[in-house]
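Just below is one structure, and these are the notes that go with it.
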Amino acid sequence: MTQRWHDFWRGDIGEWIITRGLRVVMLLIAAVLAARFVTWVAQQVTRQLDEGFAESDALVRSEATKHRQAVASVIQWVSIVVIAIWVIVQIGDVLQFSVGGLIAPATVLGAALGFGAQQLVKDLLSGFFIIVEKQYGFGDLVALTISGVEKDARGTVENVTLRVTRLRSTDGEVFTIPNGQIVKTVNLSKDWARAVVDIPVSTSADLNRVNEVLHQECERARDNPQLGELLLDAPTVMGVESIEVDTVTLRMVARTLPGKQFEAGRQLRALVVRALARAGIVTAADARVGIVDDAAVPAADVAEAREKTENPVHHR
């Protein structure tokens, strides 16, 4: 048995295992460890950015943090690709592949891949410019117009690589979009955002009184503990936006933190509805102000406002 083992390792197979097989195995192990190390470093960077954001008092991520997290994801992806290519080249050198006989097949295969990889190259170049130009980053709320698709893809950016962008919609759906198919990018959370609140009131309402109530709410909006944290400055009443048969629509706008315009708009609508109800001003369609998502007007306020309007002498 000992002699057989000795002859085996002295033979062609044993010599190949010792001289080349072990080197191939070591290269594969090194590649796996290097890829895991790169992934670990990227995860540590992402974790530090998340912890820094969680420990701070900021309600939204800074533009620098978003960009760094996107760059970390791209560096991780590129590093793994480079490691894989390097290992393949080294294994080919160890196994001493003869490339002389592969020139003709490689030419045909290269031409086929050239036509087939046009979209891949387009995706990579588009992703490179998305990262370099800082069009959007991790955590941004974006609307992407996709080539050949009528409806825009809206959602929060969860990951950006050189090839694809991954979004999560408000319904929890995940969109994976090749960067080369993105025609237009609308970033809804870049530096700051604007909440727009349309307020329809009856044409019989006193617009001077309505404007007075709205200006009072604008002055007190930043004193609200929840709404004040979202606003960058006091809301502004823009005046009459449109006039219909039985409705006059006024518009209020406010600058908010990036990505917080919808939440701020909901809270502004709730404040306006309550303020108009307290002032005895009935809005169009019985206290319908835009779309009040999470804060309805108390029924008592609406009933009191309606009673004041119908019986003004009794409440004078």
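Here the condition is being outside the structural domain of Val45 (by TED's automatic domain parsing) and part of a loop (DSSP other than H, G, I, E, B); of Thr165, Thr170, Thr156, Thr185, it holds for Thr170 alone. Contact annotation: residue pairs with Cβ atoms under 7 Å, 6 or more positions apart or on different chains, pairing a residue in the stretch 23-39 that is assigned by TED's automatic domain parsing to the domain that holds Ile91 with a partner that is polar (S, T, N, Q), are Leu27/Gln90; Val38/Gln76; Val38/Ser79; Thr39/Gln76. Filtered by the rule that a residue be over 25 Å from Gln267 (Cα atoms) and either surrounded by 15 or more Cβ atoms within 10 Å (Cβ to Cβ) or among the hydroxyl-bearing types (Ser, Thr, Tyr) (or both), the stretch 166-199 gives Arg166, Leu167, Phe175, Thr176, Ile177, Pro178, Asn179, Gly180, Gln181, Ile182, Thr185.
Glu229 meets the conditions (1) surrounded by 14 or more Cβ atoms within 10 Å (Cβ to Cβ); (2) within 16 Å of Val272 (Cβ to Cβ); (3) of a type in the set (Asp, Glu) in every case but one. The failed one is (2).
Among the residues of the stretch 151-163, write down those that are farther than 17 Å from Asn187 by Cα and at pLDDT 85 or above. If the condition is that a residue be farther than 17 Å from Asn187 by Cα and at pLDDT 85 or above, then Arg163 is the only one that fits. Of the residues that sit in the stretch 151-165 and are of a type in the set (Lys, Arg) and over 17 Å from Ile75 (Cβ atoms), which one is surrounded by the fewest Cβ atoms within 10 Å (Cβ to Cβ)? Per the criteria, the residue is Lys151. Condition test on Val24, is it within 20 Å of Ile85 (Cα to Cα), at pLDDT 85 or above and assigned to a helix (DSSP H, G or I)? When the stated conditions are applied, Val24 does not pass them.
The values are calculated or read from the model by the stated rules, or taken from the named source; none is laboratory data. Values in this document were obtained by computation on a predicted structure and should not be read as measured data. All Cβ positions, glycine included, derive from the backbone under ideal geometry; neighbour counts span all protein chains shown.
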